[in-house]
Amino acid sequence: MLADVEFSALADQLPNIFGYHLLVVDPPWDNCTLSASRIPHHVVQHICTDPLTEAGLIGDTETWPVMTDTVDAIILPHTLEITPDPHQVLREADRSLIPDGHLVILGFNPRSLWGVRRVLSRRSREMPWSGRFLSMHRIKDWLSLLGFDTVASGFLFHRPPVQNTRLLEQLQFLEPRTARGRMLLAGSYILVARKRTLVMTAIKAGHATSRQLFPVGIPSSSQRNLRRAG
């Protein structure tokens, strides 16, 4: 049921994202439904060569076989929770996305009953309890440092982590009517961010001192996002 809720949240956000290439990194679902997307070219990257898995790319979670500044949108469905280096995954997303490209992140909420269940099951090797839950607030901070702006966010699946389907159906009344949801009850969240593009106005040749902001031979991490106006 959690997967159905997350698919629905994705379907609500994907029509607002445009471009030519969309990349999904290590989805936990057997079928990654992207029919709501208006982007024509979808690529799914996996870390294993499972013959039953329809993967467009094979690569490590922290290192992607993707050229810099080429992807219009990237989806990380619980990808940050299975990697030992979530910072590197976000850096790869920043490198791969074009300026103004979109990043969609699905994650488990540590500040909920799901987070409590993970603490109690920390020795378990089963997913998702063996993963690392990262709060939405922390992810927003990391993305802000990389130069991303949050476009949309919301908490999902306000039912406890039980496997009894009948009980979960009876607890349907816990789901909020608003899209944002409530943090302390939500098992997961969705976060949509856009890679910021710094717009700079042209500077007259006489102002030579301004050129020293970026010393020659030391490229800035944001240089590839610069766009001159005028």
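With an 8 Å cut-off on Cα pairs and a minimum separation of 6 or more residues, tell me the relative contact order of segment 2-199 in percent. Display every interim value, and only then the final one.
Details: 381 pairs, mean separation 39.4, N = 198.
Computed over segment 2-199, the figure is 20 percent.
State the extension gain, in nm to one decimal, for the chain segment bounded by Leu174 and Arg138, taking 0.36 nm per residue of separation less the distance between their alpha-carbons. Don't skip to the end; give the middle numbers.
Details: separation 36, 0.36 × 36 = 12.96 nm, distance 2.57 nm.
Gain in length upon complete extension: 10.4 nm.
Tabulate in residue order the Karplus-calculated ³J(HN,Hα) for segment 87-98, using 6.51 cos²θ - 1.76 cosθ + 1.60 with θ = phi - 60°, rounded to whole Hz; enter x for Gly and Pro.
These are the phi-based 3J(HN,Hα) values: 4, 5, 4, 5, 5, 5, 5, 4, 5, 7, 6, 6 Hz.
Between Thr165 and Thr197, what is the label-point separation in nm under the 7 Å Cα-to-beta-carbon projection?
Spacing of the two 7 Å Cα→Cβ label points: 4.7 nm.
Can you bin segment 1-116 into rounded, prolate or oblate? Criterion: square roots of the alpha carbon gyration tensor eigenvalues sorted a ≥ b ≥ c, rounded for a/c under 1.5, prolate for a/b above b/c, oblate for the rest. It would help to have the intermediate numbers written out before the result.
On the way: a/c = 1.30, a/b = 1.16, b/c = 1.12.
Because its axes are fairly even, with a/c under 1.5, segment 1-116 counts as rounded.
List the residues whose amide H sits under 5 Å from the amide H of Val44, counting only those 5 or more places along or on another chain, with H placed 1.01 Å from N in the peptide plane.
Val24, Gly56, Leu57
Test of understanding: ordering Met183, Met67 by Cβ neighbours within 10 Å, fewest first, what list do you get? Display every interim value, and only then the final one.
Numbers: Met183 15, Met67 9.
Starting with the residue having the fewest Cβ neighbours, the order is Met67, Met183.
Are there any GluC sites (Glu not before Pro) in segment 88-180 that are in a DSSP loop and have at most 13 other Cβ atoms within 10 Å? List them by number.
Glu126
Under 1.5 on a/c is rounded, so check that first for segment 116-189, then, if it is not, pick prolate when a/b is larger than b/c and oblate when it is not; a ≥ b ≥ c are the square roots of the alpha carbon gyration tensor eigenvalues. If you can, show how the numbers build up before the last one.
Values: a/c = 3.30, a/b = 1.29, b/c = 2.56.
It is oblate, given that a/c is not under 1.5 and a/b is not larger than b/c.
What's the extension gain from His87 to Tyr20 if we count 0.36 nm per residue and subtract their Cα-Cα distance?
Result: 21.5 nm gained on full extension.
List every residue whose amide H lies under 5 Å from the amide H of Leu134, counting only residues 5 or more places away in sequence or on a different chain, with H placed 1.01 Å from N in the peptide plane.
Phe108
Taken together, the values in this text are just the output of simple stated rules run on the coordinates, not laboratory data. Everything numeric here is computed off the predicted structure, so don't read it as measured data. All Cβ positions, even for glycine, are placed from backbone atoms using ideal geometry, and neighbour counts span all protein chains on display.
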